[in-house]
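First up is the structure itself, then whatever we jot down about it.
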Amino acid sequence: MNARSGSALTFGVAVALIAGVTLANGGANVMPVFVDDFATRFALSDSTAGLVAATQLMATAVVTLLLAKRAARPGRVRMARMSLVSCASN
């Protein structure tokens with residue numbers, strides 16, 4: 001058996017996870033407004049609009065977990081800048 005050195009939850013990974021949780025929490029706070037808009041704008045039932053909202057929050061969580069390892073390695077400043085640029089362009 002190989003003993004691993006160091007903690008699996010490094011500072012960088014913790015920061016990435018906290019950022020993802022914060023984004024998802026913000027989404028959950030405004031999601032009731034969006035669900036109502038989805039249902040009205042696209043003529044969806046409340047259940048379908050809720051499924052769309054849940055899918056968006058799940059996507060945020062999955063992407064956060066996928067990027068956590070990358071955020072912990074060198075070069076994360078460039079990744080953060082690219083993310084900000086892509087968000088600003090939308």
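Structural remarks
- Scanning the stretch 31-90 for residues that are open to solvent by 50 Å² or more (accessible area, probe 1.4 Å) and aromatic (Phe, Trp, Tyr), we see that the one that is farthest from the chain's Cα centre (by Cα) is PHE42.
- The sole residue among LEU44, LEU51, LEU9 that is at pLDDT 80 or above, aliphatic (A, V, I, L, M) and part of a loop (DSSP other than H, G, I, E, B) is LEU44.
The values are calculated or read from the model by the stated rules, or taken from the named source; none is laboratory data. Remember, it's a predicted structure, so these values are computed and weren't measured experimentally. For accessibility, only protein heavy atoms count, side chains too; no ligands or nucleic acids. Shrake-Rupley method; radii C 1.70, N 1.55, O 1.52, S 1.80 Å.
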